[in-house]
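Participant: Pasting a structure here, questions to come.
The values are calculated or read from the model by the stated rules, or taken from the named source; none is laboratory data. As the structure is a computational prediction, the values presented were derived from the model and not from experiment. Please note: Cβ atoms are built from the backbone with ideal geometry, for glycine as well, and neighbour counts cover all protein chains shown. For accessibility, only protein heavy atoms count, side chains too; no ligands or nucleic acids. Shrake-Rupley method; radii C 1.70, N 1.55, O 1.52, S 1.80 Å.
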Amino acid sequence: MTDTTVEAIAAPTTDAPERLSWDSGVKRMVLVYLPLALFLIVLLFPFYWMTVTAFKPDAEMYDYKTYSPFWVHSPTLHNIYVLLFETNYPQWLITTMGIAVASTFLSVFSSVLAAYAIERLRFKGAQHFGLAIYLAYLVPPSILFIPLATLIFQFGLFDNPIALILTYPTFLVPFCTWLLIGYFKSIPYELEECALIDGASRLQILRRITLPLAVPGLISAGIFAFTLSWNEFIYALAFIQSTDKKTVPVAILTELVTGDVYQWGSLMAGSLLGSVPVAIIYSFFVEYYVSSMTGAVKE
Amino acid sequence: MDATVDVGLQRLNFVRAPDTWVTKLFDYKPFLVFLCLLPSMGLLVVFLTYPLGLGLWLSMTDTTIGQPGHFVGLENFQELMDDPVFWMSVTNTIFYTVVATAGKFTLGLWLALLLNHHIPFKAFIRAIVLLPWIVPTVLSAIAWWWIYSPQFSIVSYVFVDLLHWSDTYFNFLGSPWPARWSLIVANIWRGIPFVAITLLAGLQTISPSLYEAALLDGASGWQKFYRITVPLLMPILAVALTLSVLFTFSDFQLVYAITRGGPFNTTHLMATLAFQRAIPGAQLGEGAAIAVSMIPFLIAATLLCFFGVGRRKWQQGEAND
């Protein structure tokens, strides 16, 4: 951070002292690029290692003396084949996808209405509802899962994916509402007033003015909700028991880890494939992601 | 802002339905407010508020899986008081939270400062930096588990076979302290991106003219950092710190995936211990008591972070939120 402004000022003047520019070049290399490269290596290495392992044949995987472990000498799809055709992995993917999509729709639908009511209907006590939702976001799932498990059991939803669709909104709704309140704030209220004068009803305003303008916010809320439900672990671990109804993260940890000898190849292939859907969505919406993440935190 | 223009140009013809009692009802504001809040509040009350209360009640019963319990008062908590495994999970959780949060914020702030420079491919780098935070925690935890493997650890390979700095492969997860540090490293790795990107957003709101003014006044790099960057970063730092502490304290996934509380229950966090007692151990009451014991810590940590750090927000006059 030391000299952004120095350079911003110094850059246009070509007749700056030579020593200074050399000095700042080396300094920049040591102070900026070197640490940045180290950060990138450390942050990305586990993914590289995951990928490399997923494509290694067993002979290479456990023999570092003959084969350098850092790359694959004779890549194989065996691990992925085992995963797709000898386990329930496709089923787990479909289940996880279904749960994530359903809970995302449920959460975004409820959040839009809640955020609209809190931010735009301007009723007495709206701020208290906003605060309550913020507090709900601070309640971690790890103190809720035990009572929720008994509740799910009473409802007869134990070992049923619907249990997850209904419980994921406990952390999705607060997050999405929070994000959407911030988004609605940025839409000028005058637009709604004009529509009111033109004789639109409140629901017409929401449907035809506010929602079309809030599409970027809805996309952000949707992708966040989708990733969060794809990543959820503790509820899925506690409420689902049968092999074919498990979600990907739980299934990999409970079904693929069997006995004392771990099938690292399949484990890594499973982790890689389980990360891919989230990574694809992320790569498409990365700008929404970064901006709404920082926006939501700033609120 | 394209959308705004669209609405402005496009003639929206609001066809007013004839005033029946239904349309009147939908324009009656209290009813509309009620209707809009119903789905979210319904979900949150049934699956969040009620379970919170139910958890308190369960912690005072001897409920087991499949058997409704009886009220036993504070017996569960009294038992926990004499339970060395519980106390170890408490100290583990506090240690884990403090060290991992310190690590995440130091390294995260550093990374944010690095990313705030003019560097090539900035958007791309910013995007891939977030990957550890995007990918499902359990899946990256499995990758860490493989990195920490006693026989085939790549870290051991580098230190023993490539650099010859050590003779024997590290046993990362085999004994308590190395296992705890291994978990903390994995947690810091996962937390850096969130902190870095959040603080980067904060850094970008700081006006460059402040640094220019400081430069004219002859401030050194360190002075600029300490007198301009840090105070202006405080509000966003307070929010990020609160969330980070909260989620690190209640962490479950990493520990469950990498050590499952082992070796010999020495790396349990309160959340994993609660799970172990309640679901595989079937002692719902006891598990609930452990989960409830987390609440005072969570409240204290939240208040401490938010008011301890966030206090400066109104000291400096203009808040930037």
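Participant: Counting only residues that are outside any loop (DSSP other than H, G, I, E, B), more than 7 Å from chain A (Cβ to nearest Cβ) and open to solvent by 10 Å² or more (accessible area, probe 1.4 Å), which one in the range B:129-151 is modelled with the lowest pLDDT?
Facilitator: Going through the range B:129-151, the residues outside any loop (DSSP other than H, G, I, E, B) turn out to be B:129, B:131-134, B:137-147.
With more than 7 Å from chain A (Cβ to nearest Cβ) added as a condition, the list becomes B:133, B:141, B:145.
In the following step, the residues that additionally are open to solvent by 10 Å² or more (accessible area, probe 1.4 Å) were identified as B:133, B:145.
Working: B:W133: 88, B:W145: 91.
Only one residue fits best here, namely B:W133.
Participant: I would also like to ask the following. Among the residues of the range A:175-195, are any touching a Ser or Thr at 6+ places or on another chain (Cβ under 8 Å), open to solvent by less than 30 Å² (accessible area, probe 1.4 Å), closer than 19 Å to A:P141 by Cα and within 10 Å of another protein chain (Cβ to nearest Cβ)?
Facilitator: For the range A:175-195, residues touching a Ser or Thr at 6+ places or on another chain (Cβ under 8 Å), open to solvent by less than 30 Å² (accessible area, probe 1.4 Å), closer than 19 Å to A:P141 by Cα and within 10 Å of another protein chain (Cβ to nearest Cβ): present.
Participant: Consider B:H118 against the criteria (1) outside the structural domain of B:L199 (by TED's automatic domain parsing); (2) at pLDDT below 90; (3) not hydrophobic (A, V, I, L, M, F, W, C): it satisfies all of them except one. Which criterion is unmet?
Facilitator: Exception for B:H118: condition (1).
Participant: Which one of these does A:A100 not meet: (1) over 30 Å from B:A271 (Cα atoms); (2) surrounded by 15 or more Cβ atoms within 10 Å (Cβ to Cβ)?
Facilitator: All conditions are met except number (1).
Let's see how each residue does on (1) in the same structural domain as A:P161 (by TED's automatic domain parsing); (2) within 19 Å of the chain's Cα centre (by Cα); (3) surrounded by 15 or more Cβ atoms within 10 Å (Cβ to Cβ):
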residue	(1), (2), (3)
A:I94	yes, yes, no
A:V108	yes, yes, yes
A:G125	yes, no, no
A:I133	yes, no, yes
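Participant: Among the residues of the range A:43-69, how many are open to solvent by 10 Å² or more (accessible area, probe 1.4 Å), in contact with a helix residue (DSSP H, G or I) (Cβ under 7 Å, 6 or more places away or on another chain) and closer than 24 Å to B:I188 by Cβ?
Facilitator: Of the residues in that region, 3 qualify.
Participant: Here's another thing I want to ask about it. Kindly indicate which of A:L206, A:L164 is more than 25 Å from B:S250 (Cα to Cα) and touching a residue at least 12 places away in the same chain (Cβ under 8 Å). Lay out the reasoning, then the answer.
Facilitator: Details: A:L164 fails: more than 25 Å from B:S250 (Cα to Cα).
Going through A:L206, A:L164 in turn, the sole match is A:L206.
Residues are listed down the side, and each one gets a yes or a no for (1) in a helix (DSSP H, G or I); (2) without any contact (Cβ under 8 Å) to a residue 12 or more places away in the chain; (3) of a type in the set (V, I, T):
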{"residue": "B:V230", "(1), (2), (3)": "yes, yes, yes"}
{"residue": "B:V255", "(1), (2), (3)": "yes, no, yes"}
{"residue": "B:R260", "(1), (2), (3)": "no, no, no"}
{"residue": "B:P296", "(1), (2), (3)": "yes, yes, no"}
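Participant: Evaluate the following for B:G261: is it buried (at least 19 other Cβ atoms within 10 Å of the Cβ), more than 22 Å from the chain's Cα centre (by Cα) and either more than 14 Å from A:F145 (Cβ to Cβ) or among the acidic types (D, E) (or both)? Full working, then the answer.
Facilitator: Values: buried (at least 19 other Cβ atoms within 10 Å of the Cβ): yes; more than 22 Å from the chain's Cα centre (by Cα): no; either more than 14 Å from A:F145 (Cβ to Cβ) or among the acidic types (D, E) (or both): yes.
So B:G261 fails the test.
Participant: Out of B:T168, B:T205, report the one residue that is touching a residue at least 60 places away in the same chain (Cβ under 8 Å), surrounded by fewer than 22 Cβ atoms within 10 Å (Cβ to Cβ) and assigned by TED's automatic domain parsing to the domain that holds B:T266.
Facilitator: B:T205
Participant: Next question. Based on this model, can you work out whether A:L218 counts as assigned by TED's automatic domain parsing to the domain that holds A:L180 and without any contact (Cβ under 8 Å) to a residue 40 or more places away in the chain?
Facilitator: Values: assigned by TED's automatic domain parsing to the domain that holds A:L180: yes; without any contact (Cβ under 8 Å) to a residue 40 or more places away in the chain: no.
No: the conditions fail for A:L218.
Participant: Here's another thing I want to ask about it. Residue check, B:S59 against (1) of a type in the set (S, T, Y); (2) modelled with pLDDT of 90 or more; (3) within 23 Å of A:F129 (Cβ to Cβ), all met but one. Which one?
Facilitator: (3)
Participant: To continue, here is another question. Could we say that B:L111 is in contact (Cβ under 8 Å) with a residue 12 or more places away in the chain and either assigned by TED's automatic domain parsing to the domain that holds B:L269 or touching a strand residue (DSSP E or B) at 6+ places or on another chain (Cβ under 6 Å) (or both) here? Working first, answer last.
Facilitator: On the way: in contact (Cβ under 8 Å) with a residue 12 or more places away in the chain: yes; either assigned by TED's automatic domain parsing to the domain that holds B:L269 or touching a strand residue (DSSP E or B) at 6+ places or on another chain (Cβ under 6 Å) (or both): yes.
It is true that B:L111 is in contact (Cβ under 8 Å) with a residue 12 or more places away in the chain and either assigned by TED's automatic domain parsing to the domain that holds B:L269 or touching a strand residue (DSSP E or B) at 6+ places or on another chain (Cβ under 6 Å) (or both).
Participant: Does B:G308 satisfy being within 24 Å of B:I258 (Cα to Cα), open to solvent by 10 Å² or more (accessible area, probe 1.4 Å) and at pLDDT below 95? Give the derivation first.
Facilitator: Numbers: within 24 Å of B:I258 (Cα to Cα): no; open to solvent by 10 Å² or more (accessible area, probe 1.4 Å): yes; at pLDDT below 95: yes.
No; evaluated as a whole, the condition is false for this residue.
Participant: Among the residues that make up the range A:158-181, is at least one of them closer than 30 Å to B:M294 by Cα, hydrophobic (A, V, I, L, M, F, W, C), modelled with pLDDT of 85 or more and not in a helix (DSSP H, G or I)?
Facilitator: Yes, the range A:158-181 contains a residue that is closer than 30 Å to B:M294 by Cα, hydrophobic (A, V, I, L, M, F, W, C), modelled with pLDDT of 85 or more and not in a helix (DSSP H, G or I).
Participant: Of all residues in the range B:264-292, which are open to solvent by 10 Å² or more (accessible area, probe 1.4 Å) and in a loop (DSSP other than H, G, I, E, B)?
Facilitator: Scanning the range B:264-292 gives B:F264, B:N265, B:T266, B:I279, B:P280, B:G281, B:A282, B:Q283.
Participant: Sticking with this structure for a sec: Hey, can you tell me all the residues within the range A:217-273 that are part of a helix (DSSP H, G or I), open to solvent by 10 Å² or more (accessible area, probe 1.4 Å) and polar (S, T, N, Q)?
Facilitator: Result: A:N231, A:T243, A:T254, A:S266.
Participant: If I filter the range B:101-128 down to residues being more than 8 Å from chain A (Cβ to nearest Cβ) and part of a loop (DSSP other than H, G, I, E, B), which single residue comes out as most open to solvent (accessible area, probe 1.4 Å)?
Facilitator: The selected residue is B:F121.
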